[in-house]
Amino acid sequence: GGSAASYSPTKAGRYRLDLVYNNKPLAVSPITMMVSVGFLDFNATTILGSRGGAIGQPCKLEIRAADSYNNFRTQGFDQFTVQVVRGTGLSSAKAAVTPVVDPVTRMYPFTIQEELEGWYEVHVKRGTNHVRGSPFNFTAIKNLGDIVVANTVVEGDGLFRAVAGVEHHFKIRTRNAAEMFMIQGDTVTGKPFGSFTATFVSDEGDTGTGTSTWHGDGTYTLKYTLNRLSTSHPRPFVPYNVTLTFNSDFVRIPSAVAPPPASFPQAGVTWWQVNLMPNRLSGVYSKSTGAGLTLSTAGSPAAFSLTARDFLNNWIAWSPSGLDVPLKGTLVRTDSGTSTTVTPTFTFPDSTPGQ
């Protein structure tokens, strides 16, 4: 009288099993269960990081362990070995090292540091089995060279669009001609050799700056906050021209390919635009004016204007479809015993989009 059931989930995690018979749950239902990560798959396990670096500097790489369904093995139970087996100036293989799982990233970090310029063969194994990507060649060079436009990557939501008064950021991945990460700092002391600075200039002359945080692996995060749109006339957004420098040297960014305008001070330097939009409408800074606020004639339309501004006093160019919430107003007669409520109709003249 028994029944057998089976299931084969492929993603690790917490599950709830509902057992139903004739549209009614059984007494033991629901059942909570955990599906654990499967055994290590050498083809799903990957090596992350640059395959080259400067001589005398540690280059950080990481092993991300996974099972055959690409579930990450984060427990730290896998014992990998990393070994430089041959290369420039080596008469024999270096001693193998055993990476320990990082408690934050849950990956296995290791570093390669060579003192002679040339190539080196690196083996990453668990037991006698190579993981995917192993063996690989690591190249050590004297000078990483300059940042190369085609290889440097700038990415993130804060590149082209921002909201006034809100902190935004984007990531910079610095690479050279060989597509190696340019560490630009001492990975032992944790101090960078320099920093990126972004300068923002609007077409109305307002300015802003952003500074970077170094992550020690060839990447930086640059954060900035812009506040000013326009207080003199409504605009849906204000474009800010952006230039990026590293230790005051201009960096050409591949994300922008349009030439700068003739009036732009750093002519010939690659730049791009961030469109700054106003924040939410503020009842404190928004204003109403007009004769209809104090006197009107029975049966005749009474008119007045509302000027929309955000909490930074930026003039908002609004339209009925662009409002966060419907614009409403109520007139209540207060000079009689009865209350008469009238809901006014708001219109948005095209000639004055901010009123």
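The values are calculated or read from the model by the stated rules, or taken from the named source; none is laboratory data. Bear in mind that the values here come from a model prediction, so they are computed numbers and not experimental data. Backbone-built Cβ (ideal geometry, glycine too); neighbour counts: all protein chains shown. The accessibility values were calculated without ligands, DNA or RNA, using every heavy atom of the protein model including side chains. Shrake-Rupley method; radii C 1.70, N 1.55, O 1.52, S 1.80 Å.
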Open item on the list: Just to be sure I understand, how many residues within segment 214-231 are modelled with pLDDT of 85 or more and more than 20 Å from Leu48 (Cα to Cα)?
Closed with: 7
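Can you pull out the residues in segment 1-50 that are within 30 Å of Thr111 (Cβ to Cβ) and without any contact (Cβ under 8 Å) to a residue 60 or more places away in the chain? Walk me through how you get there before you give the answer.
Applying the first criterion (within 30 Å of Thr111 (Cβ to Cβ)) to segment 1-50 yields 12, 37-50.
Selection gives Ala12, Val37, Gly38, Phe39, Asp41, Leu48.
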Open item on the list: I'm trying to understand the selection: among the residues of segment 44-75, which are assigned to a loop (DSSP other than H, G, I, E, B), under 30 Å from Ile141 (Cα atoms), in contact with a Ser or Thr (Cβ under 8 Å, 6 or more places away or on another chain) and open to solvent by 30 Å² or more (accessible area, probe 1.4 Å)?
Closed with: Arg51, Gln57
Task: Any pair with Cβ under 7 angstrom, 6 or more apart, that starts in segment 82-95 at a residue that is closer than 12 Å to Ile112 by Cα and touching a residue at least 12 places away in the same chain (Cβ under 8 Å) and ends at one that is among the basic types (Lys, Arg) and assigned to a loop (DSSP other than H, G, I, E, B) - done: Gln83/Lys94; Val84/Lys94
TODO: Quick one: which residue in Thr211, Thr207, Thr197 is modelled with pLDDT of 75 or more, over 27 Å from Gly53 (Cβ atoms), open to solvent by 20 Å² or more (accessible area, probe 1.4 Å) and of a type in the set (Val, Ile, Thr)?
DONE: Thr207
Task: Count of segment 102-117 residues which are more than 25 Å from the chain's Cα centre (by Cα) and of a type in the set (A, V, I, L, M, F, W, C) - done: 3
Task: Residue within segment 37-48 that is touching a Cys at 6+ places or on another chain (Cβ under 8 Å), modelled with pLDDT under 90 and under 20 Å from Pro135 (Cβ atoms) present - done: no
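When segment 108-136 is examined, which residues are found to be of a type outside the set (S, T, N, Q) and open to solvent by less than 30 Å² (accessible area, probe 1.4 Å)? Before the answer, list the steps.
At the first step, the residues of segment 108-136 found to be of a type outside the set (S, T, N, Q) are 108-110, 112, 114-127, 130-133, 135-136.
The answer is Tyr108, Phe110, Ile112, Glu114, Gly118, Tyr120, Val122, Val124, Val131, Phe136.
With the requirement that a residue be assigned to a loop (DSSP other than H, G, I, E, B) and within 19 Å of Met277 (Cα to Cα), what does segment 296-311 give you? Spell out how you get there, then give the answer.
Here is the first cut: in segment 296-311, the ones assigned to a loop (DSSP other than H, G, I, E, B) are 296-304, 308, 311.
Scanning segment 296-311 gives Ala308, Phe311.
Output the number of residues of segment 1-36 satisfying the condition of being among the hydrophobic types (A, V, I, L, M, F, W, C) and either in contact with a Cys (Cβ under 9 Å, 6 or more places away or on another chain) or in a loop (DSSP other than H, G, I, E, B) (or both). Even if it seems obvious, please write down each step before you answer.
Quick first cut of segment 1-36, residues among the hydrophobic types (A, V, I, L, M, F, W, C) only: 4-5, 12, 17, 19-20, 26-28, 31, 33-35.
Adding the requirement that they be either in contact with a Cys (Cβ under 9 Å, 6 or more places away or on another chain) or in a loop (DSSP other than H, G, I, E, B) (or both) leaves 4-5, 12, 19, 26-28.
Number satisfying all stated conditions: 7.
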TODO: Hey, can you tell me all the residues within segment 98-128 that are outside any loop (DSSP other than H, G, I, E, B), under 17 Å from Ile63 (Cβ atoms) and hydroxyl-bearing (Ser, Thr, Tyr)?
DONE: Tyr108, Thr111
Open item on the list: Which condition from (1) surrounded by fewer than 16 Cβ atoms within 10 Å (Cβ to Cβ); (2) without any contact (Cβ under 8 Å) to a residue 40 or more places away in the chain; (3) touching a Phe, Trp or Tyr at 6+ places or on another chain (Cβ under 7 Å) is the one that Pro103 breaks?
Closed with: (3)
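Which residues, taken from segment 1-35, are of a type in the set (Ser, Thr, Tyr), open to solvent by 100 Å² or more (accessible area, probe 1.4 Å) and closer than 23 Å to Asn70 by Cβ? Write out each step before concluding.
Here is the first cut: in segment 1-35, the residues of a type in the set (Ser, Thr, Tyr) are 3, 6-8, 10, 15, 21, 29, 32.
Keeping just the survivors that are open to solvent by 100 Å² or more (accessible area, probe 1.4 Å) gives 3, 6-8, 21.
Those that are of a type in the set (Ser, Thr, Tyr), open to solvent by 100 Å² or more (accessible area, probe 1.4 Å) and closer than 23 Å to Asn70 by Cβ: Ser6, Tyr7, Ser8.
Does Thr81 satisfy the condition of being among the polar types (S, T, N, Q), in contact with a Lys or Arg (Cβ under 8 Å, 6 or more places away or on another chain) and open to solvent by less than 90 Å² (accessible area, probe 1.4 Å)?
Working: among the polar types (S, T, N, Q): yes; in contact with a Lys or Arg (Cβ under 8 Å, 6 or more places away or on another chain): yes; open to solvent by less than 90 Å² (accessible area, probe 1.4 Å): yes.
Yes.
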